[in-house]
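Undergrad: One structure, as structure tokens, below. Some questions next.
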Amino acid sequence: MRRKIRMGMVGGGRGAFIGGVHRMAAALDGHIDLVCGAFSSDSEKSRLSGQDLYLPEDRVYDSYSQMILTEKELPVGVRMDFVSIVTPNHMHFGPAKMALENGFHVVCDKPLCLTKKEAEELVDLVNKSGLIFALTHNYTGYPMVKQAKAMIRNGALGHIRKVVVEYPQGWLSTLLEADANAKQAIWRTDPNQSGAAGSMGDIGTHAENLAEYITGLKISEMCADLSIFVPGRKLDDDGNVLLRFENGAKGVLHASQICNGEENNLNIRVYGEKGGIAWRQMEPNTLTVIYQDKPSTIYRTGWAGLEREAIAHTRIPAGHPEGYLEAFANIYRNFAFCIQARLSGEEVDPLYTDFPSIEDGLRGMNFVEKVVASKGEWIKM
């Protein structure tokens, strides 16, 4: 018998941005209930956050270790089924490792962890345990991204030659982290919390993941140029990377957080022998396919005739915008379907096994490591 999947959350308490996003995404389709959490390293803040979310006091914990060990002892019909980790990067590894070691599935915000070594350990744990692990590279959840991937896989563009992917933001154009109240800026620019890269770890990994996801190709080599434009900043706030893909295609990846006026302008263009595609996150319901010898074609979310993958990840009729939260929710819904199938001993439709995995997390950490090491020289992925 199918039932709702029970979620425990690590992080995401009062004042956190991404925790609320994860909770809304998890709840959107009605397959997941939040049943417990360790919402902050501050026990009082965790308690108050639990009150905000109407959780019983005995299911709000002082630490992720207390939550995991206590929940493990609860009856199967009561305890959480998986852990959602929504902390800063340096706090991903510990709860992910402990959850896997104690038999819980995991959803983790990106990037996977702080170092490639940590990522490799988590990959080993997932492979040995057989547990389900999802990484929230949420942009892969958009219907038109699914459409682009399916079209390229089916040969609509022919042999892929060129990939251009960029993610410009402007919110760190000043030394925002000097403001004690700028929590998001402080941890994202701190190497002890964010890792070896700044903009490249924060949003460059989204661009890398999107390029590999849509094309179905792995990056084989790269040459990176990282910069710190804002005086006093410790990590890169701008980066440009030349890419070589496994099939011989070439590419350019640009990620920056000092592009004044930009919001979240993630966009990608892919060119093959037969034509090209273009998609922008700030206009996510549109996919443009261009040709040399005939008019361009505009695909829109919700239209008939789209690929099955796009249709399966669309909720509402054409003309009603689907956006960031719906794309995020597609990852949680698919993840929940996979757990439900596991619990009932059924097979899950392959349409719903499509979400970023632990291997994608390792690819991202390898990308960060290689980008930082490149220093303008070509280096193998």
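Bear in mind that the values in this text are calculations on the coordinates, not laboratory data. In this text, all values refer to a predicted model and were calculated from it rather than measured experimentally. Cβ: placed from backbone, ideal geometry, glycine included. Neighbour counts: every protein chain shown.
Undergrad: Pairwise over distinct Cα atoms, reciprocal of the mean inverse distance: report the Kirkwood radius of segment 183-336 in Å, one decimal place.
TA: 17.8 Å
Undergrad: Starting with the fewest neighbours, write out W279, W171 ranked by other beta-carbon atoms found within 10 Å of each beta-carbon.
TA: W171, W279
Undergrad: I'd like to compare 288-294, 4-10, 44-50, 75-81: which one has the highest average count of other Cβ atoms within 10 Å, and what's the full order after that?
TA: 4-10, 44-50, 75-81, 288-294
Undergrad: Ordered by residue, what ³J(HN,Hα) values in Hz, to whole numbers, does segment 135-149 give under the Karplus form 6.51 cos²θ - 1.76 cosθ + 1.60, where θ = phi - 60° and Gly and Pro are x?
TA: Once rounded to whole Hz, the list reads 10, 8, 7, 5, 5, 5, x, 5, x, 6, 6, 4, 4, 4, 4.
Undergrad: Output the antiparallel fraction of DSSP beta bridges having both residues in the chain, as a percent to the nearest 5.
TA: 60 percent
Undergrad: Then there's this: Using the charge dipole of segment 222-381 (Lys, Arg: +1 at Cβ; Asp, Glu: -1 at Cβ; taken about the Cα centre), state which of G302, L325, V368 has its Cα farthest towards the positive end.
TA: Towards the positive end, the residue furthest out is V368.
Undergrad: What are the aspartates and glutamates whose alpha-carbon lies under 13 Å from the alpha-carbon of K72, with same-chain residues fewer than 8 places away excluded?
TA: Within the straight-line cut-off, K72 pairs with D81, E101.
Undergrad: Starting from the Cα of M282, step 7 Å along the direction of its Cβ; do the same at E359; then give the gap between the two resulting points in nm.
TA: 3.5 nm
Undergrad: Mind sorting F133, F39 by how few other Cβ atoms lie within 10 Å of their own Cβ, fewest first? The partial results should precede the final answer.
TA: Working: F133 27, F39 30.
By the 10 Å Cβ count, ascending: F133, F39.
Undergrad: Here's a follow-up. Quote to one decimal, in nm, the extra length available between T297 and E347 on full extension: 0.36 nm per residue of separation minus the C-alpha distance between them.
TA: Full-extension gain reported as 14.4 nm.
Undergrad: With springs only between Cα atoms under 10 Å apart, run a GNM on the chain and tell me which of E307, E246, E71 wobbles the most.
TA: Answer for the Gaussian network model of the chain: E246.
Undergrad: I need two numbers for the chain: Rg to one decimal and Dmax as a whole number, Cα atoms only, in Å.
TA: 20.6, 66
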